[in-house]
Amino acid sequence: MEELDVEPAITNIPAASDGKHLGFAWGPGDILAYETLYMAPGSGCSFIHEVRKDEDIYSPILRKLFNESHHIFVGLQTIREDLPSKNKKTQFVSISKNYRSVIRACMEELQQVAVSTKVAEVATQYGNQVSILLAIELIWNLCEVLFIDAAPAGPLLLHLLDWVRLHKGDVDEKAREVLQSESPAEHHDYWDVVVSYVLQGRFEEARQMLVKQATLQPAARNMYKLMDTLLSKMPFYNPGGTQTLTEFDVKWRHWHEEVDRCLQDNSFASNQHLEIICKILVGDEDTLLEHKELLSTWYHFLVTRLLFCHPTVKPTELHYYAQSCMTMFLDLRSVPEPLDSILLAAFEFDIHQVIKDCSIALNNWWFVAHLTDLLDHCKLLQSHNLHFGSNLREFLLLEYASGLFTHHSLWQLAVDYFDNCPEFGHVYLELQIERVPLDTERKALKVLRICEQRQMSEQVRSICKIMAMRALRNNRLGSALSWSIRAKDAAFATLISERFLQDYCARGTFSDLDLIDNLGPAMLLSDRLTFLVKYREFHKLYEENRFSEAAKLLLSLITAKIAPRSFWMTLLTDALPLLEQKEVIFSADQTHELMFCLEELTSSLNTTAPGTDRTMQVRISSCTQTCNRLQIKILRCKSAITIAMRKGKNAPGF
Amino acid sequence: MESVNAKYVSQKISKTRWRPVSHSSLQQPDIFATGSWDNEDNKISFWSIGNHGSSGMDEGFEGDPQLLCEHKHDGDVLDLQFLDQDRIVTTSSTGAVTIFRHHQNSQTISVSQRWPRVHRYPCDNAPCTGVVCSSPEIVTVGEDGKIIVFRADQEGVIRVIENADSSTIHAVTYLRTTEILTCILYLDDVLLPLHCVDRHPNQQHIVATGGQDGMLCVWDVRQGSTPFSLMEAHSAEMWEVHFHPTNPDHLFTCSEDGSLLHWETSTHSDMPSFLQGGRNNSMISRSAMAPAGGNQSLISTWLSGDSSKGRLETTHMLPSQTLSVNSLDVLGQCLVCGTDGEAIFVNRQVPV
């Protein structure tokens, strides 16, 4: 194994006492730990602790995230391969936005609960989840801008500006506060708001705010007018327009020089705030760094710096600026947080590093699985063979889906994920689906449907067997039979037919006539079952007084030898009433066959070992008696037929 | 499809039912109840779609259903019915039958009555799979093959029909006030369990069923044991079938394959107009029904239909690729359904 990327996290098990040894066992998504008596004698502890890494799947609000993103995921897989790449790109971008809006919706709901709850623990827990989701959305948005949308120089900066604006919501809040005050221009946050607007490139709003200040200081009107002009004339690249990047660059340089000139002329020297704004517009790094609080993050600093120094930045140049901005912004002593290194990796276009760092930092595979899947569809991942044989996308999806399978409810979602892992998905599904607990028939039917649709016949058989055994244990023979028919399990069907027959022997009647009467071709599943159905048919025919048909059927049952041996006696005994009828029902051939069977049976009885116990002997002797009676009857029948033949009458069977 | 929105509710929905509205009022239904399944803690919940004073709302307004209140439920909710305006009966996978009362003023739910473990095996609980009620009488069926009759206000069980079948009884409905129809198996070559049954609201001998293979069958219970018509509806188990209560030319089915179909028969041209449905006409049409064997045009089109004759139209009502739709209910112009994707869909403009 290679060296570890990070130190393993330590989890304390609060209920376990000090100094004890802990044993453990791995589960699919968790570890079971228990105290052992390995060393010192002492009383044992009867608790088992379940240590779970991923709590998120049990959060009711985050569940919506899993469900909605599943819906989006399934939709993504069905995008046709043969679309032209431009159309596909817009679709991928819109899918990416879908995912992000789902994250945002979840975030808002979590935030609402975190704010309104009275329980402190819940508030902190939800608050943490909100910040994690914020970070996730930030990263996803950046990946969308850089990788999926893959904007070239020009639009790239505009997208990055949007990205920063979206994730710095407090400016609008502050602005609202200022504007709602009695005299906005004298509010203590006023200049902060103006500078923040400028830093984000929101010049329209900045100008509107400045107007309020300008009206308060008529003496400085010219200065404000100058600033207003400068702000209004800053060129922004228009992607849909006819201007080329070079033309834009020229225009921008002109403007930049003009601003620089204003600075050199000391046009704003008398007003400290306007001077600061001018310096920002010219891209002075020191001034920007003085406003760290307003910028609050190094990536905001990065985008602002690019806006005012290199608006035509190319994607490949990003990482130089990113690295230097991060170094300039952050304290030399502070350790970069995981989020920072992830974003830096993104600016360096190192997708694999981004995915890897996210996998380590987050405790749930949701984010990396979905993002990687989307990037894979955009054909951005090189086929990166892992030691485990499958590619990165499949590995992450399998991990995510396996985690889902441990959830008592979300396992249904995991099925679709496994379906879309071509190499190992099927195998994983086969292993996992059998472990879903089946409390009700309805759930079993759903699981069965999943298995049948994917031709997992082993699993179908195993599930049906479980349900059939359960039914059998509760004496629901009809239910058990229908389960074994569904599984096409001949052996089990035989077992159940035997039970039916035993029931009949014990009680003298059949149960579940509806089922047996209506099996149709399903009765051919097993010999025993066929026998059962035909035997029941015989009884029906007898009750309807259709004796000759009944006789024919009975005889075929005897001669076909599909009856169990133990039943032969019963069958022959059933022939008795037919033989005792006034009319002769059996034909000569039929009586021959009857005799033959009877002789076979008698000989087998006689060869029974002498050491058999008393009850067996009693049975055997009663059987022999019945056999003798039968013999007499058959002989009588035969003679009746012979007489009839001699008299020339029509005897049955001719 | 614009009027259909998904609301994700963090629980797999096994049953949804509209609260009944009184016949005389023209109100659209506004409250529905749902039951969940497969959770560690299952719940029943009441939701509102805010249809009060709906005439004053804008055309385009489609609010999400709002949760009014919820209550813990022991075991999966396998069936749920409204007993009256305030009470629902639920059946559970633990074999219990419970009546819950919804207190509208305080928006709380309390357990009004409970019969634990009425459906059971000698050594185990048996899930209770279906319930039908006609207040105050309640009839339940279960995997143990028993049919049990209760009264809402009495403690004990009124009557138990043991061993009604050795297989699981999946569904039950009232045929007449004194007869019930239970749903187990049917065959056409292959033995297949039936999962759901619904009776035509006006013509009580007509019954529609849905089965494990997704076939929709329409039967005439007076005539024998083969269905009148068989239609291929879905590619997987059909979980629920419902005739529209006031406009029975419309039928709705939902299935494990994730689709919800709306079936519409075209009516005979010579059918009198007052029989062609519409909310306020339901009372008139019942009393005006001539006895069977009379007027030919009164025989339901369901009995004569087979889809190849082109008299049947079906439309999908949900966006594709949802997980199994477990339950649906339709009342007036509103349709609600719940899925295994933990989503509820409400459609307020069903074209009936």
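Please treat every number below as a calculation from the coordinates, not as lab data. None of the values given here were measured: they were computed from a predicted structure. Methodologically, a virtual Cβ is constructed for each residue, glycine included, from the backbone with ideal geometry; neighbour enumeration extends over all protein chains shown.
Convert each backbone phi in segment A:157-163 into a coupling constant with the Karplus relation 6.51 cos²θ - 1.76 cosθ + 1.60 (shift: θ = phi - 60°), then list the ³J(HN,Hα) values in order as whole Hz, x for Gly and Pro.
Listing the rounded values in order: 5, 4, 4, 5, 4, 4, 4 Hz.
Nearest 10 degrees is fine. How inclined is helix A:203-216 to the longest principal axis of chain A, computing both from alpha carbons?
The two axes meet at around 40 degrees.
Straight distance only, please: which lysines reach the Cα of B:Lys15 with their own Cα at less than 16 Å, same-chain residues fewer than 8 apart left out?
A:Lys443, A:Lys446, B:Lys7, B:Lys43, B:Lys72
What's the average, rounded to a whole number, of partner chain beta-carbon atoms within 10 Å of each residue's beta-carbon in B:140-148?
Mean shielding by partner chains, rounded to a whole number: 2.
Over chain A, what is the relative contact order in whole percent, taking alpha-carbon pairs under 8 Å and six or more residues apart?
Relative contact order, chain A: 7 percent.
On a straight-distance basis, which lysines could pair with A:Lys212 in a cross-link, Cα separation under 23 angstrom, same-chain partners fewer than 8 positions away excluded?
By straight Cα distance, A:Lys212 reaches A:Lys174, A:Lys225, A:Lys233, A:Lys279.
Rounding to the nearest 10 and keeping the result within 0 to 90°, find how far the Cα-based axis of helix A:457-473 lies from the longest principal axis of chain A.
It is inclined by approximately 60 degrees.
Would you mind calculating the relative contact order of segment A:340-423 from Cα pairs under 8 angstrom and at least 6 residues apart, reporting the percent as a whole number?
20
Quick one: helix A:351-361 against the long Cα principal axis of chain A, what's the angle to the nearest 10°, folded into 0 to 90?
Helix A:351-361 sits roughly 70 degrees off the main axis of chain A.
At a Förster radius of 45 Å, what calculated FRET efficiency corresponds to the Cβ-Cβ distance of A:Ser341 and B:Gln66, to the nearest 0.05?
About 0.55, to the nearest 0.05.
Taking the Cβ of each residue in A:Val102, A:Val250 as the centre, tally the other Cβ atoms inside 10 Å and list the residues starting with the fewest.
Lowest to highest Cβ neighbour count: A:Val250, A:Val102.
At a temperature of 20 °C and a viscosity of 1.002 mPa s, determine how fast segment A:215-360 diffuses translationally according to Stokes-Einstein, using the Kirkwood radius over alpha-carbon pairs as Rh; express D in µm²/s, rounded to the nearest whole number.
Stokes-Einstein gives a translational diffusion coefficient of 123 µm²/s.
Please state the Cα pair-distance histogram of chain A with 20 angstrom bins from zero: what percent is in each bin?
Per 20 Å bin, starting at 0, the Cα pair percentages come out as 13, 30, 22, 16, 11, 7, 2, 0.
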